[in-house]
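**Q** To start, I am sharing the structure in question, which I have written as structure tokens.
The values are calculated or read from the model by the stated rules, or taken from the named source; none is laboratory data. Predicted model only: the values in this text are computed from it and were never measured. As a convention, Cβ positions derive from the backbone with ideal geometry for all residues, glycine included, and neighbour counts pool all protein chains shown. Note: areas computed on protein heavy atoms with side chains; ligands, DNA, RNA excluded. Shrake-Rupley method; radii C 1.70, N 1.55, O 1.52, S 1.80 Å.
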Amino acid sequence: TMAAPAGWFIAGTAPAHYDTSTAPSDRGGGIACELRAVREAPPGFGTLMQEFVPEGFRGRRVRLTAWLRSEGVSGWCGLWMRVDGPARRMLAFDNMSARPVTGTTGWARYAVVLDVAAEAEVLAFGVILHGEGSVAVDEVALEVVGDEVATTDPGPQPLPRAPRNLGFASGDGAVGA
């Protein structure tokens, strides 16, 4: 057990069930950090993260990239980034839950891209791990990109235009179906 690397902290819904360590990267140079579950079936997720006032990024599109390698991940893991405005209201978010890393994988580079609004007050980012196993992180970078790079923020999902299946029929019929 060791404290998170300087500048980073462990958070999430079950931070006590996750731990971190650093070691020379076997990916080539530098240091890699590993986030791992320290108990079976942890109730919730852990994240190794940091947050800062995004002065240099306001009004810009920002890409978070890192190399990840997973080992025995029973749930899923990935990179995540969140942009908060006044009163910590979320303005943009992506945690890769729609394109999760699962099981055991070799080193691969992943990216999360968000627009940082002019009123942004906090930019938070990190690596998230749901469930057992571990994820190693290497070569984290945060950079401004152009509008030709699409954001990965799924945004709010559209609501249906009418109530659905009020009679609980099998299948997923809409009203009147």
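**Q** Please give the length that would be gained between VAL53 and VAL144 if that part of the chain were fully extended, namely 0.36 nm times their separation in residues minus their C-alpha to C-alpha distance (nm, one decimal). Please list the in-between numbers first.
**A** Values: separation 91, 0.36 × 91 = 32.76 nm, distance 1.51 nm.
Gain on extension, VAL53 to VAL144, equals 31.2 nm.
**Q** Give me the dipole magnitude in Debye, nearest 20, for the range 54-104 about the Cα centre, with unit charges on the beta carbon: positive for Lys and Arg, negative for Asp and Glu.
**A** 240 debye
**Q** Using a 1.4 Å probe on the protein heavy atoms, what percent of the accessible area of the range 1-67 belongs to carbon and sulfur? Please report the intermediate quantities before stating the final value.
**A** Values: 1900 of 3520 Å².
The value for the range 1-67 is 54 percent carbon and sulfur by accessible area.
**Q** Whose amide H sits under 5 Å from the amide H of GLU121, counting only residues 5 or more places off or on another chain, with H placed in the peptide plane?
**A** Sorted by chain and number, the residues that satisfy this are ASP84, GLY85.
**Q** Let me ask something else. What list of ³J(HN,Hα) couplings, whole Hz, do you get for the range 127-140 from phi and the Karplus terms 6.51, -1.76, 1.60, once you set θ to phi - 60° and write x for glycine and proline?
**A** 10, 10, 9, 9, x, 6, x, 8, 9, 9, 10, 9, 6, 6
**Q** Taking θ = phi - 60°, what integer Hz values does the Karplus form 6.51 cos²θ - 1.76 cosθ + 1.60 yield along the range 21-29, in sequence order, with x for Gly and Pro?
**A** 8, 10, 7, x, 6, 8, 9, x, x
**Q** Report, by chain and number, residues whose modeled amide H sits under 5 Å from the one on TYR18, excluding near sequence neighbours (fewer than 5 apart, same chain).
**A** VAL38
**Q** Evaluate the charge dipole of the chain about its Cα centre and quote only its size in Debye, nearest 20, assuming +1 on the Cβ of each Lys and Arg and -1 on the Cβ of each Asp and Glu.
**A** Details: 15 positive and 20 negative charges, 75 e Å.
The dipole magnitude comes to about 360 debye.
**Q** Could you give the size of the charge dipole of the range 74-134 about its Cα centre, using +1 on the Cβ of each K and R and -1 on the Cβ of each D and E, expressed in debye and rounded to the nearest 20? Could the numbers behind the result be given before it?
**A** Details: 5 positive and 6 negative charges, 27 e Å.
Once rounded to the nearest 20, the dipole reads 120 debye.
**Q** Under a 1.4 Å probe, what is the accessible area of the chain per residue, stated in Å²?
**A** 53 Å²
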